[in-house]
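Following: one structure in structure tokens, then a few remarks.
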């Protein structure tokens, strides 16, 4: 039985990931810092930013995963993230701490913590980065920096952990999640306008991002490591001239 550990399980993309991996026959262990319901898999309530410090709680977390996975991990999906949108002049030290600890450092600590389980399965890591890793806009400084660094981390770990463990990243563009829709609550026409900017004519569905992650995690991508796969409806190929 294949086992997948998926962080940020309670979010829009996270739920899509859990549902798809379950459908494909994986035993799925979800992790989220918020109490989560409505999923058919085991979901552990744990704040992954705690992983930077060894303590009884992190030790217990490791033991839980080891027991639930049977001592082998076929896929680690680092999906959990925070997105702070504000001008660079207003970003606080706390903003940087929560952004980097969640989006960049936690994936590193998770890989290192579960490396024996990944090696035991000949498993793979998929980091969910963002289009903001390479193309961004104003007020996304903290988020874009963390996601760009996550792609660099992906390449570095792919080299260090080969050939036993593969490490790849997916870079989604705007994805239809409750969080995204909530951001357009006061501007309902803006969401449709955003979709129109994409050559595909719409924004992504969470299951489409999940399909890309599933592919990179599985045996069909056995010769792919260190890759950054854009799941962006073609928007990264667009030239936006001012006229």
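The values are calculated or read from the model by the stated rules, or taken from the named source; none is laboratory data. Every value quoted in this text rests on a predicted model; they were computed, and no experiment measured them. FYI the Cβ positions are ideal-geometry reconstructions off the backbone, even for glycines, and counts take in every protein chain you see.
Among the numbered conditions (1) closer than 30 Å to residue 22 by Cα; (2) touching a residue at least 24 places away in the same chain (Cβ under 8 Å); (3) surrounded by fewer than 16 Cβ atoms within 10 Å (Cβ to Cβ), the only one that residue 152 does not meet is (2).
Mind checking whether some residue in segment 15-30 is out of contact with any helix residue (DSSP H, G or I) (no Cβ under 8 Å at 6 or more places or on another chain), surrounded by fewer than 18 Cβ atoms within 10 Å (Cβ to Cβ) and modelled with pLDDT under 95? Scanning segment 15-30, I find no residue that is out of contact with any helix residue (DSSP H, G or I) (no Cβ under 8 Å at 6 or more places or on another chain), surrounded by fewer than 18 Cβ atoms within 10 Å (Cβ to Cβ) and modelled with pLDDT under 95, so the answer is no. When each of 217, 200, 204 is tested for being closer than 18 Å to residue 236 by Cβ, modelled with pLDDT of 90 or more, out of contact with any helix residue (DSSP H, G or I) (no Cβ under 7 Å at 6 or more places or on another chain) and surrounded by 16 or more Cβ atoms within 10 Å (Cβ to Cβ), the lone residue that passes is 204. Of all the criteria given as (1) closer than 29 Å to residue 183 by Cα; (2) in a helix (DSSP H, G or I); (3) under 13 Å from the mean Cα position of the chain (by Cα), the one not satisfied by residue 110 is (1).
Of the residues examined, residue 222 is one that is surrounded by fewer than 17 Cβ atoms within 10 Å (Cβ to Cβ), in contact with a strand residue (DSSP E or B) (Cβ under 8 Å, 6 or more places away or on another chain) and under 14 Å from residue 125 (Cα atoms).
For segment 155-174, a residue qualifies if it is farther than 26 Å from residue 203 by Cβ and touching a residue at least 60 places away in the same chain (Cβ under 8 Å), and the qualifying residues are 155, 158, 159, 162.
Just one of the listed residues (115, 104) is within 13 Å of the chain's Cα centre (by Cα), touching a residue at least 12 places away in the same chain (Cβ under 8 Å) and surrounded by fewer than 23 Cβ atoms within 10 Å (Cβ to Cβ), namely 104. Restricted to helices (runs of 4 or more DSSP H) entirely inside segment 175-243, those with at least 3 residues that are free of Cβ contacts under 8 Å to residues at least 12 places away in the same chain are 178-183, 188-197.
Select from segment 155-179 the residues that are touching a helix residue (DSSP H, G or I) at 6+ places or on another chain (Cβ under 9 Å) and surrounded by fewer than 16 Cβ atoms within 10 Å (Cβ to Cβ) and list them in ascending order.
Once the filter is applied, which keeps residues that are touching a helix residue (DSSP H, G or I) at 6+ places or on another chain (Cβ under 9 Å) and surrounded by fewer than 16 Cβ atoms within 10 Å (Cβ to Cβ), segment 155-179 yields 164, 178, 179.
Just wondering, is there one or more residues in segment 122-136 that are more than 16 Å from the chain's Cα centre (by Cα), in a helix (DSSP H, G or I) and surrounded by fewer than 18 Cβ atoms within 10 Å (Cβ to Cβ)? No, segment 122-136 has no match at all.
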